[in-house]
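Single-structure report; data block below.
The values are calculated or read from the model by the stated rules, or taken from the named source; none is laboratory data. Because the structure is a prediction, the values reported are computed rather than measured. A quick note on method: Cβ atoms are made from the backbone with ideal geometry, for glycine too, and the neighbour counts reach across all protein chains shown. The protein model used for the area step is the full one, side chains on, heavy atoms only, and it has no ligands, DNA or RNA in it. Shrake-Rupley method; radii C 1.70, N 1.55, O 1.52, S 1.80 Å.
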Amino acid sequence: MTANVTSTAPPDPAAYEAIQATPEFVELRRRLRGFIFPMTVAFFVWYALYVVLSAYARDFMSTKVVGHVNIALIFGLLQFVSTFLIAWLYTRYADRRVDPLADELRAKIEGSPE
């Protein structure tokens, strides 16, 4: 039994180069960088703070908060929380600011009406 597969020709590479030169693509990249770079820096600073405090502020990090739970454990768990928070924030940001513009560019390059 043979499957009925319709194939479409891939877009011309020159079309991608033309899209890359458009103001819309430049704006898309600006929007992505506007979120990704500051968030990446913030996360790395937060992570580095955790590592530095763990290495050089052992007394502070070993301070008990509740029972056997100390500040180091809380900071470690907050690393996971911050990772999920950043992912959630990016999803919201992309839905509102990136995806609509990316969809317009995709429609333009694929030649389909918006």
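So which residues in region 10-30 are open to solvent by less than 50 Å² (accessible area, probe 1.4 Å) and within 28 Å of F84 (Cβ to Cβ)? Within region 10-30, just L28 meets the criteria.
For region 52-74, indicate whether the set of residues that are of a type outside the set (S, T, N, Q), within 18 Å of the chain's Cα centre (by Cα), in a helix (DSSP H, G or I) and over 30 Å from A15 (Cβ atoms) is non-empty. Looking through region 52-74, none of the residues is of a type outside the set (S, T, N, Q), within 18 Å of the chain's Cα centre (by Cα), in a helix (DSSP H, G or I) and over 30 Å from A15 (Cβ atoms).
Kindly evaluate S62 against the criterion of being among the hydroxyl-bearing types (S, T, Y), more than 30 Å from Y16 (Cα to Cα), at pLDDT 95 or above and surrounded by 15 or more Cβ atoms within 10 Å (Cβ to Cβ). Judged against the criteria, S62 is not a match. Note on region 95-107: among residues that are open to solvent by less than 30 Å² (accessible area, probe 1.4 Å) and in contact (Cβ under 8 Å) with a residue 24 or more places away in the chain, the one that is farthest from F25 (Cα to Cα) is V98.
Being assigned to a loop (DSSP other than H, G, I, E, B), under 30 Å from D12 (Cα atoms), of a type in the set (D, E) and more than 24 Å from the chain's Cα centre (by Cα) is a condition met by no residue of region 106-113. Examine region 83-92 for a residue that is closer than 30 Å to P10 by Cβ and in a helix (DSSP H, G or I), and state whether such a residue exists. Within region 83-92, one or more residues are closer than 30 Å to P10 by Cβ and in a helix (DSSP H, G or I).
For region 37-59, a residue qualifies if it is of a type in the set (A, V, I, L, M) and surrounded by 13 or more Cβ atoms within 10 Å (Cβ to Cβ), and the qualifying residues are M39, L53, A57. Could you tell me whether any residue of region 81-93 is closer than 30 Å to A18 by Cβ, open to solvent by less than 70 Å² (accessible area, probe 1.4 Å) and within 23 Å of the chain's Cα centre (by Cα)? Yes, region 81-93 contains a residue that is closer than 30 Å to A18 by Cβ, open to solvent by less than 70 Å² (accessible area, probe 1.4 Å) and within 23 Å of the chain's Cα centre (by Cα). Among residues that are surrounded by 11 or more Cβ atoms within 10 Å (Cβ to Cβ) and not hydroxyl-bearing (S, T, Y), V69 is included. Residues in region 9-27 that are within 19 Å of D103 (Cβ to Cβ) and in a helix (DSSP H, G or I): A15, Y16, A18, I19, Q20, P23, E24, F25, V26, E27.
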